[in-house]
Amino acid sequence: MNLLKEKILEAGRVEAGEVLKVDSFLNHQLDIELLNEIGKEFKKRFNNKNITKILTAEVSGIAIAAITAQYFNVPVIFAKKTESKNLDNETYEGEVYSYTKDKHYKIRVSKRYISQEDHLLIIDDFLANGQALLGLKQIVDEAKANLVGAGIVIEKGFQKGRKLAEEANINVESLAIIREMQEEKIVFED
């Protein structure tokens, strides 16, 4: 998706530890026009799937998932990272390791919102080490629902996320795949 790649080159910042900061348009401040184009592109790539719900992880995936969901006309479910009094006691859970926070945590979805009849599309901002994606897949598997695929905005192709997704039999569609990144240089896959 050329529009996304141009935005990454224009506004993205590479920081130490293989961190790509896209907070000026994707996961802190939001470029709604760009997110609309991202949603349309995911609709195009997953148009032939019978998607009943979109699943994402709290927090950064929510905006992308919500805008994408309007093109599929389906609800969005987001897996919560923290326990709270307003979350049902009966939940599906996945285990996630956050590279940026260097922390393990559980993500949860109420059993009310996913059933065996559901066909879920995972939407997320990044695919790097694959841990969030695998944690979300655990939730889908525990619910005995059907995972139709994962729409990823930015994939760090030089990290192990795609390999883990393929091993888990997840159909991944990434809009921008970064082959290499350094402080002053970002190279995309063709």
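Among the conditions (1) modelled with pLDDT of 95 or more; (2) of a type in the set (Gly, Ala, Ser); (3) over 27 Å from residue 74 (Cα atoms), the only one that residue 16 does not satisfy is (1).
On the basis of being out of contact with any strand residue (DSSP E or B) (no Cβ under 6 Å at 6 or more places or on another chain) and free of Cβ contacts under 8 Å to residues at least 12 places away in the same chain, does residue 166 make the cut? Please lay out each step first, then the result.
Working: out of contact with any strand residue (DSSP E or B) (no Cβ under 6 Å at 6 or more places or on another chain): yes; free of Cβ contacts under 8 Å to residues at least 12 places away in the same chain: yes.
In short, yes.
Beta carbons closer than 7 Å, at least 6 apart along the sequence or on distinct chains, pair a first residue in the stretch 124-139 that is acidic (Asp, Glu) with a second that is surrounded by 21 or more Cβ atoms within 10 Å (Cβ to Cβ) and in a helix (DSSP H, G or I) for 124/61; 124/132; 124/133; 125/61; 125/64.
Before we move on, is residue 178 buried (at least 19 other Cβ atoms within 10 Å of the Cβ), touching a Lys or Arg at 6+ places or on another chain (Cβ under 8 Å), within 20 Å of residue 51 (Cβ to Cβ) and in contact (Cβ under 8 Å) with a residue 12 or more places away in the chain? Explain how you work it out, then say what you get.
Details: buried (at least 19 other Cβ atoms within 10 Å of the Cβ): yes; touching a Lys or Arg at 6+ places or on another chain (Cβ under 8 Å): yes; within 20 Å of residue 51 (Cβ to Cβ): no; in contact (Cβ under 8 Å) with a residue 12 or more places away in the chain: yes.
Taking the combined requirement at face value, the residue does not satisfy it.
Is there a residue in the stretch 89-102 that is modelled with pLDDT of 85 or more, over 17 Å from the mean Cα position of the chain (by Cα), surrounded by 15 or more Cβ atoms within 10 Å (Cβ to Cβ) and not in a helix (DSSP H, G or I)? Yes, the stretch 89-102 contains at least one residue that is modelled with pLDDT of 85 or more, over 17 Å from the mean Cα position of the chain (by Cα), surrounded by 15 or more Cβ atoms within 10 Å (Cβ to Cβ) and not in a helix (DSSP H, G or I). Of all residues in the stretch 131-188, those satisfying the criterion of being modelled with pLDDT under 95 and assigned to a loop (DSSP other than H, G, I, E, B) are 183, 184.
Considering the stretch 161-175, and only residues there that are among the charged types (D, E, K, R) and surrounded by 14 or more Cβ atoms within 10 Å (Cβ to Cβ), the residue that is farthest from residue 61 (Cα to Cα) turns out to be 162. Report whether or not residue 67 is part of a loop (DSSP other than H, G, I, E, B), surrounded by 19 or more Cβ atoms within 10 Å (Cβ to Cβ) and of a type in the set (Val, Ile, Thr). Criteria not met by residue 67. Examine the stretch 18-38 for a residue that is assigned to a loop (DSSP other than H, G, I, E, B), touching a residue at least 40 places away in the same chain (Cβ under 8 Å), surrounded by fewer than 18 Cβ atoms within 10 Å (Cβ to Cβ) and not basic (Lys, Arg), and state whether such a residue exists. Within the stretch 18-38 (the criterion being assigned to a loop (DSSP other than H, G, I, E, B), touching a residue at least 40 places away in the same chain (Cβ under 8 Å), surrounded by fewer than 18 Cβ atoms within 10 Å (Cβ to Cβ) and not basic (Lys, Arg)), the answer is yes, since at least one residue qualifies. Of note, residue 56 satisfies the criterion of being touching a residue at least 60 places away in the same chain (Cβ under 8 Å), surrounded by 15 or more Cβ atoms within 10 Å (Cβ to Cβ) and not hydrophobic (A, V, I, L, M, F, W, C). Tallying residues that are of a type outside the set (Gly, Ala, Ser), more than 27 Å from residue 37 (Cα to Cα) and surrounded by fewer than 22 Cβ atoms within 10 Å (Cβ to Cβ) within the stretch 131-159 yields 4. When residue 6 is tested against (1) part of a loop (DSSP other than H, G, I, E, B); (2) surrounded by fewer than 17 Cβ atoms within 10 Å (Cβ to Cβ); (3) of a type outside the set (Ser, Thr, Tyr), only condition (1) is not met.
Being part of a helix (DSSP H, G or I), of a type in the set (A, V, I, L, M, F, W, C) and surrounded by 15 or more Cβ atoms within 10 Å (Cβ to Cβ) is the requirement here; does residue 79 meet it?
Working: part of a helix (DSSP H, G or I): no; of a type in the set (A, V, I, L, M, F, W, C): yes; surrounded by 15 or more Cβ atoms within 10 Å (Cβ to Cβ): yes.
Taking the combined requirement at face value, the residue does not satisfy it.
Just to be sure I understand, how many residues within the stretch 72-88 are under 16 Å from residue 123 (Cβ atoms) and either in contact with a Pro (Cβ under 7 Å, 6 or more places away or on another chain) or modelled with pLDDT under 75 (or both)? Final tally of qualifying residues: 0.
The values are calculated or read from the model by the stated rules, or taken from the named source; none is laboratory data. None of these values were measured; they are calculated from a predicted model. Using ideal geometry, Cβ is built from the backbone for each residue, glycine included, and neighbour counts are taken over all protein chains shown.
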